[in-house]
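S.K.: Here it is, the structure, as structure tokens.
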Amino acid sequence: MKLISVPGEPSPAGHYSPVVEAGGFVFVSGMLPSTNPEDAQRDDFETQSRRVLTRCAQALAAAGCSFEHVAQCTVYIVGKQHWASFNQVYREMFGPHKPARAVVPVPDLNHGFLVEVTMTAYRGEG
């Protein structure tokens, strides 16, 4: 098992690794749109969605992967009203690739953000 840091990202505040590679799989921990809690109040849902997926792409890149390697994605959104907006941003950023996905409406997220994403990618052995 390999614990991977994401260049340019601060160390996690909690006891976890942002990215873990094991057996050809890459696991991206729950990502928020930003490490700055002030962004939660300033940015609208679409901006937060683009930011969180960009951060996920950077985490995947740190492990030698891209969105094309993603096999499964779990998305937590505050309020069902944001589902369609997230789906549009997700479609734009993933293109034709369609990994398995769950979207889970929740009452709130850390620091007041509106979206959090976790991913599992498959890079293969070696």
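So that you can scan it fast, the table gives a plain yes or no per residue for (1) of a type in the set (A, V, I, L, M); (2) open to solvent by less than 60 Å² (accessible area, probe 1.4 Å); (3) modelled with pLDDT under 95:
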{"site": "R42", "(1), (2), (3)": "no, no, yes"}
{"site": "V75", "(1), (2), (3)": "yes, yes, no"}
{"site": "P96", "(1), (2), (3)": "no, no, no"}
{"site": "V103", "(1), (2), (3)": "yes, yes, no"}
{"site": "A121", "(1), (2), (3)": "yes, yes, no"}
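S.K.: Quick check on V26: is it surrounded by 10 or more Cβ atoms within 10 Å (Cβ to Cβ), assigned to a loop (DSSP other than H, G, I, E, B) and of a type in the set (A, V, I, L, M)?
M.R.: In short, no.
S.K.: How about the stretch 93-109: which of its residues are under 20 Å from S34 (Cα atoms) and over 14 Å from the mean Cα position of the chain (by Cα)?
M.R.: P105, V106, P107, D108 - these are the residues of the stretch 93-109 that are under 20 Å from S34 (Cα atoms) and over 14 Å from the mean Cα position of the chain (by Cα).
S.K.: Looking only at the stretch 29-59, count every residue that is in a loop (DSSP other than H, G, I, E, B) and more than 19 Å from A102 (Cα to Cα) and tell me the total.
M.R.: Counting residues in the stretch 29-59 that are in a loop (DSSP other than H, G, I, E, B) and more than 19 Å from A102 (Cα to Cα) gives 6.
S.K.: Here is a follow-up. List, please: which pairs have Cβ atoms under 7 Å, are six or more places apart or on different chains, and start with a residue in the stretch 54-73 that is closer than 11 Å to V28 by Cα and open to solvent by 20 Å² or more (accessible area, probe 1.4 Å) and end with one that is of a type in the set (S, T, N, Q) and part of a strand (DSSP E or B)?
M.R.: Between residues of the stretch 54-73 that are closer than 11 Å to V28 by Cα and open to solvent by 20 Å² or more (accessible area, probe 1.4 Å) and residues that are of a type in the set (S, T, N, Q) and part of a strand (DSSP E or B), the close pairs are Q72/T120.
S.K.: From the list H82, H111, pick out the single residue that is open to solvent by less than 40 Å² (accessible area, probe 1.4 Å) and part of a helix (DSSP H, G or I).
M.R.: So the residue among H82, H111 that is open to solvent by less than 40 Å² (accessible area, probe 1.4 Å) and part of a helix (DSSP H, G or I) is H82.
The values are calculated or read from the model by the stated rules, or taken from the named source; none is laboratory data. Since the model is a prediction, treat every value here as computed from it, not as a measurement. All Cβ positions, glycine included, derive from the backbone under ideal geometry; neighbour counts span all protein chains shown. Only protein heavy atoms, including side chains, enter the accessible area calculation; ligands, DNA and RNA are left aside. Shrake-Rupley method; radii C 1.70, N 1.55, O 1.52, S 1.80 Å.
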